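The values are calculated or read from the model by the stated rules, or taken from the named source; none is laboratory data. These figures come from a predicted structure and were not determined experimentally. Don't worry about glycine lacking a Cβ; one is built from the backbone with ideal geometry, like all the others, and counts go over all protein chains shown.
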Amino acid sequence: MERFTSKVLMFGEYSLLYNSMALTIPFDKFSGQFSYANPDDKDSLAMSSNQGLRKFCNHILENHTDEQFKLNVQKFKAELDKGLFFESNIPQGFGLGSSGALVAAIFLRYLDKAGDLKDELKVLTVEKIKSLKATLGGLEGYFHGTSSGIDPLSILINEPLLVKSNFDIVPVNIPAYKEDGKHVVFLLNTGMARNTDKLVQTFRANCETVEFRTRLEEVLTPTTNEGINSFLKADIENLYFNLYNLSKFQLTEMPYLIPEVYQPAFQQGLDSGDYFLKLCGAGGGGFMLGFTENWDTTQEKLKGQDLEILYRF
């Protein structure tokens with residue numbers, strides 16, 4: 001069955017909620033796909049997944065009334081009775097789109113006109129993106145309360161996506177990957193799962209204050225936009241300038257989103273300039289993103305941390 005890879009939100013965490021741009025890229029180390037459990041195998045993970053899918057199936061039956069993207073729920077139920085489950089190694093609560101991959105897999109497998117959609121995905125229009133994003137967000141909202149739909153959309157399309165606005169989302173070319181590239185984008189695994197809903201609620205509560213909302217609109221959003229543009233253009237000087245400002249803003253203005261034990265690592269990067277850390281998605285644990293042009297030095301300074309290269313250019 002078709003496999004769906006994880007994704008990484010490189011830029012746009014939280015500021016996306018207030019009209020900044022965002023950039024997502026696929027990350028094929030982690031993925032998930034539907035499988036059937038062996039009737040003789042009492043694998044608890046397969047059984048747990050199957051039970052969770054049954055609840056989601058009932059939710060879709062009761063709440064999904066989208067005629068444009070109609071799902072064959074009866075087929076879904078029949079396959080669940082045969083032992084269908086979602087086999088995934090995407091860590092949950094780490095910012096890599098575990099629920100987005102599941103939603104994308106369900107959507108493409110049970111969509112009445114999935115074949116037509118695959119053809120349409122080759123030529124994306126603003127209206128098609130708008131409709132897909134809304135529908136996928138409605139489905140993923142089951143897991144998070146609310147969802148922008150960006151995660152399942154980017155996983156479904158499986159290309160780097162530039163989010164220019166809520167409905168202006170386009171595939172985009174990013175700097176070519178180079179095995180020996182000097183500039184390294186890496187993941188730091190905190191080993192700590194997080195609760196996205198609570199983190200977003202805290203952030204939104206802070207946005208009720210005029211002072212923070214002003215700093216968000218006047219500093220975070222333009223810095224995010226400039227960071228994306230400089231990355232896409234491989235404008236290295238401006239990229240690291242904006243990464244410094246992003247990292248500093250998150251550490252000073254949003255420290256509740258960074259596990260306390262990792263705040264010194266943020267500060268060390270800012271002080272030395274050898275690397276810059278930032279949130280990867282909701283923060284609060286999971287993965288963090290890092291950028292460096294001194295990979296050997298960065299590995300030494302973050303010795304003992306679980307680091308992995310995401311991208312080199």
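Structural remarks
- The lone criterion from (1) buried (at least 16 other Cβ atoms within 10 Å of the Cβ); (2) outside the structural domain of K301 (by TED's automatic domain parsing); (3) farther than 23 Å from L17 by Cβ left unmet by Y177 is number (1).
- Residue count for segment 207-220 satisfying the condition of being surrounded by fewer than 16 Cβ atoms within 10 Å (Cβ to Cβ) and part of a helix (DSSP H, G or I): 7.
So that you can scan it fast, the table gives a plain yes or no per residue for (1) in contact (Cβ under 8 Å) with a residue 24 or more places away in the chain; (2) touching a Pro at 6+ places or on another chain (Cβ under 9 Å):
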| position | (1), (2) |
| --- | --- |
| Y36 | yes, no |
| S44 | no, no |
| S49 | yes, no |
| K55 | no, no |
| L61 | no, no |
| L71 | yes, no |
| K75 | yes, no |
| G93 | yes, no |
| G97 | yes, yes |
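- Answer from S247, S272 - the residue that is among the polar types (S, T, N, Q) and more than 23 Å from G97 (Cα to Cα): S272
- With respect to the conditions (1) surrounded by fewer than 16 Cβ atoms within 10 Å (Cβ to Cβ); (2) hydrophobic (A, V, I, L, M, F, W, C); (3) in contact with a helix residue (DSSP H, G or I) (Cβ under 8 Å, 6 or more places away or on another chain), F291 lacks only one, and its number is (1).
- From the options G191, G93, residue that is surrounded by 17 or more Cβ atoms within 10 Å (Cβ to Cβ) and over 23 Å from L61 (Cα atoms): G93
- Residue, nearest to P26 (Cα to Cα), within segment 241-285, restricted to residues that are charged (D, E, K, R) and in a helix (DSSP H, G or I): K248
- Residue in segment 87-102 that is over 27 Å from L199 (Cα atoms) and either assigned to a loop (DSSP other than H, G, I, E, B) or not β-branched (V, I, T) (or both) present: yes
- Residue in segment 137-145 that is in contact with a Leu (Cβ under 8 Å, 6 or more places away or on another chain) and in a loop (DSSP other than H, G, I, E, B) present: no
- Any hit, segment 154-168, residues being under 21 Å from E308 (Cβ atoms), out of contact with any Asp or Glu (no Cβ under 8 Å at 6 or more places or on another chain), touching a residue at least 40 places away in the same chain (Cβ under 8 Å) and surrounded by fewer than 18 Cβ atoms within 10 Å (Cβ to Cβ): yes
- Near pairs, Cβ below 9 angstrom, 6+ apart or cross-chain, from segment 268-292 (under 16 Å from P255 (Cα atoms) and free of Cβ contacts under 8 Å to residues at least 40 places away in the same chain) to any residue that is of a type in the set (G, A, S) and part of a strand (DSSP E or B): G269/G290; F276/G290
- Residue that is farthest from Q68 (Cα to Cα), among those in segment 105-116 that are over 22 Å from the mean Cα position of the chain (by Cα) and either touching a residue at least 24 places away in the same chain (Cβ under 8 Å) or not in a helix (DSSP H, G or I) (or both): Y110
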